[in-house]
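Okay, structure first, notes after.
The values are calculated or read from the model by the stated rules, or taken from the named source; none is laboratory data. Just so you know, these numbers come straight off a predicted model, no measurement behind them. Backbone-built Cβ (ideal geometry, glycine too); neighbour counts: all protein chains shown.
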């Protein structure tokens with residue numbers, strides 16, 4: 001039963017009050033046609049809960065922007081929503097088309113800085129893989145009542161393939177429900193080739209101002225956390241609290257091995273106490289065993305990355321050394337399920353933080 005404007009409504013009560021349900025929830029398709037946006041079409045999702053986001057079918061159905069009650073939830077970069085035809089794979093030129101956004105998908109067979117892996121392709125792999133620049137096919141939007149819930153779904157498929165090399169297909173479904181301030185992503189990856197392939201898959205989520213600001217705090221229950229340059233073990237004092245914008249550009253990357261709750265779920269949150277606002281991520285540890293954290297608190301590119309995945313973002317050699325490099329066999333199917341949602345108000349922030357520390361997270365979202 002949807003909860004809107006401070007009260008619960010039945011399906012009938014809502015339909016009595018609107019001419020069309022799009023007054024309360026809809027997904028609208030548009031074509032981006034100017035500049036580097038050309039070829040990256042758009043699906044805008046509106047939910048009367050106050051949670052809205054945009055999906056780019058031309059860019060792997062990634063979530064390029066998101067907002068809640070008028071406040072942006074994520075960093076938006078200078079290049080903007082660059083179309084896939086403008087992809088530059090050499091070196092670090094991936095960043096010329098990186099929009100930031102709530103979710104940038106990295107993979108499917110590589111994540112990390114450009115690297116040559118002599119044990120696999122023996123060719124340079126592009127920064128964070130090719131996935132985010134692959135246009136979706138068979139894109140569809142469905143919306144309708146499921147009992148007392150009005151459910152909206154966006155679906156599509158991305159194929160990463162090369163003759164004599166990998167042939168991996170990702171089927172993605174994004175779901176959100178009227179009155180809720182969360183979304184769910186269900187990703188299904190199938191190896192259509194005759195040979196096994198490395199499988200490296202990361203959700204590169206990019207919180208930005210005003211959610212990210214000086215004093216914003218990362219909350220997770222980590223069994224072990226290390227920094228990226230010397231593999232030195234670190235604690236929350238090193239990574240948990242964000243700095244304000246800095247004059248000099250500097251990057252820090254941390255690799256967390258999160259602890260799951262009794263149901264096998266991992267819960268991660270970025271909390272802004274001044275705004276009484278937070279974002280959370282929820283996923284199965286047996287699907288997504290690593291949380292990567294990137295800090296880049298530079299003036300003008302003020303962003304952090306919360307990046308859950310089946311590997312670290314430190315490339316093939318690092319993951320092979322640490323026995324976190326996974327492969328997918330011919331005909332094998334792997335699933336990854338991610339929930340991203342909003343924590344609204346001090347009560348929800350404190351409950352989330354308390355229960356994460358206790359290892360028994362079970363925040364009850366408003367419906």
Filter the range 268-302 down to the residues that are more than 14 Å from the chain's Cα centre (by Cα) and part of a strand (DSSP E or B) and list them by number. 271, 272, 277, 278, 284, 295, 296, 297, 298, 301, 302
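Go through 275, 218, 279 for me and flag whichever is within 20 Å of residue 105 (Cβ to Cβ) and touching a residue at least 60 places away in the same chain (Cβ under 8 Å).
Every option except 279 fails the conditions.
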Considering the range 135-174, residues that are outside any strand (DSSP E or B) and either within 16 Å of the chain's Cα centre (by Cα) or at positive phi (or both), and then whichever is modelled with the lowest pLDDT, we arrive at 164
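Quick test for you: out of 49, 40, 33, pick the one residue that is touching a helix residue (DSSP H, G or I) at 6+ places or on another chain (Cβ under 9 Å), part of a loop (DSSP other than H, G, I, E, B) and either on the phi < 0 side of the Ramachandran plot or in contact (Cβ under 8 Å) with a residue 60 or more places away in the chain (or both).
Working: 49 fails: touching a helix residue (DSSP H, G or I) at 6+ places or on another chain (Cβ under 9 Å); 33 fails: touching a helix residue (DSSP H, G or I) at 6+ places or on another chain (Cβ under 9 Å).
The conditions single out 40.
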Sort out which residues of the range 311-329 are surrounded by fewer than 21 Cβ atoms within 10 Å (Cβ to Cβ) and either assigned to a loop (DSSP other than H, G, I, E, B) or touching a helix residue (DSSP H, G or I) at 6+ places or on another chain (Cβ under 9 Å) (or both), and write them in order of number. 322, 323, 324, 326, 329
Across the range 82-102, what is the number of residues that are touching a residue at least 40 places away in the same chain (Cβ under 8 Å) and within 16 Å of the chain's Cα centre (by Cα)? 4
